[in-house]
1. Do we find that residue 106 is open to solvent by 80 Å² or more (accessible area, probe 1.4 Å) and either more than 21 Å from residue 10 (Cα to Cα) or part of a helix (DSSP H, G or I) (or both) in this structure?
2. Among the residues of segment 9-27, which ones are surrounded by 13 or more Cβ atoms within 10 Å (Cβ to Cβ) and free of Cβ contacts under 8 Å to residues at least 40 places away in the same chain?
3. Does any residue of segment 72-95 turn out to be open to solvent by 90 Å² or more (accessible area, probe 1.4 Å), assigned to a strand (DSSP E or B) and farther than 20 Å from residue 21 by Cβ?
4. Tell me which residues, restricted to segment 48-62, are assigned to a strand (DSSP E or B) and in contact with a Phe, Trp or Tyr (Cβ under 8 Å, 6 or more places away or on another chain).
5. Conditions: (1) touching a Lys or Arg at 6+ places or on another chain (Cβ under 9 Å); (2) within 15 Å of residue 128 (Cα to Cα). Residue 10 meets all but one. Number of the miss?
6. Testing residue 40 on (1) among the hydrophobic types (A, V, I, L, M, F, W, C); (2) assigned to a strand (DSSP E or B); (3) closer than 20 Å to residue 93 by Cβ, one condition comes back false. Which one is that?
7. Would you check if there is a residue in segment 30-39 being without any contact (Cβ under 8 Å) to a residue 40 or more places away in the chain, more than 23 Å from residue 108 (Cα to Cα) and open to solvent by 70 Å² or more (accessible area, probe 1.4 Å)?
8. Of the residues that sit in segment 52-64 and are in contact with a strand residue (DSSP E or B) (Cβ under 8 Å, 6 or more places away or on another chain) and more than 16 Å from residue 109 (Cα to Cα), which one is surrounded by the fewest Cβ atoms within 10 Å (Cβ to Cβ)?
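The values are calculated or read from the model by the stated rules, or taken from the named source; none is laboratory data. Worth saying up front: this structure is predicted, and the values here are computed from it rather than measured. With ideal geometry, Cβ positions are generated from the backbone for all residues, glycine too; neighbour counts draw on all protein chains shown. Heavy atoms of the whole protein, side chains included, go into the accessibility calculation; ligands, DNA and RNA do not. Shrake-Rupley method; radii C 1.70, N 1.55, O 1.52, S 1.80 Å.
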Amino acid sequence: MTLNQIFTIIETYANAHSSINTVLFGADSDIDNTDVDGVLMWYDVSTANTDGTQLNYNFDLYFLDVLNPDNSNLKDVLSDTLQVGLDIVANIYNYDGTVEFDIPKKAQIQPVSHKYTSDYAGHSFSFTINAPYEYNQCQIPVKTSTSTGLTWATWTDNWNTLNNNWNTYL
């Protein structure tokens, strides 16, 4: 599983949600540079680490909406963004596609208001996605220094096939 595959899954669910108007990726410090009407989902990978045979990605998802200047809609914004965030996290938890990963059913949820100079409030969700990791150095196709243009993975497969065939003659 690649990080891009996870991004696609998250964005697919977010774009399909009827309450989310905009989906953006990047550091949350850039939220202040955003001018969006309606619910905004902003997400980022905060950290990643390996643990045995797993690669653990830590994600932060922000579900934000615009506050009225007098904060009169703060309760509605907090209620709505919490529900939208729970919907997206539930969809990710219940993913049944072809990409293999595991998500512990645990998320840290925090209300967010007056954190940014822009008038956004809502909730942040932090959770981990665990993907299988085999310490395989050939997962990204990299051209070798030979004139054949074969990837290291192809070279390895060819060598293993040749080696297996050679052993049948011994």
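1. no
2. 11, 12, 21, 22, 23, 24, 25
3. No; the residues of segment 72-95 include none that is open to solvent by 90 Å² or more (accessible area, probe 1.4 Å), assigned to a strand (DSSP E or B) and farther than 20 Å from residue 21 by Cβ.
4. Residues satisfying the conditions are 48, 50, 54, 55, 58, 59, 60, 61, 62.
5. (1)
6. Among (1) among the hydrophobic types (A, V, I, L, M, F, W, C); (2) assigned to a strand (DSSP E or B); (3) closer than 20 Å to residue 93 by Cβ, the lone unmet condition for residue 40 is (3).
7. yes
8. 53
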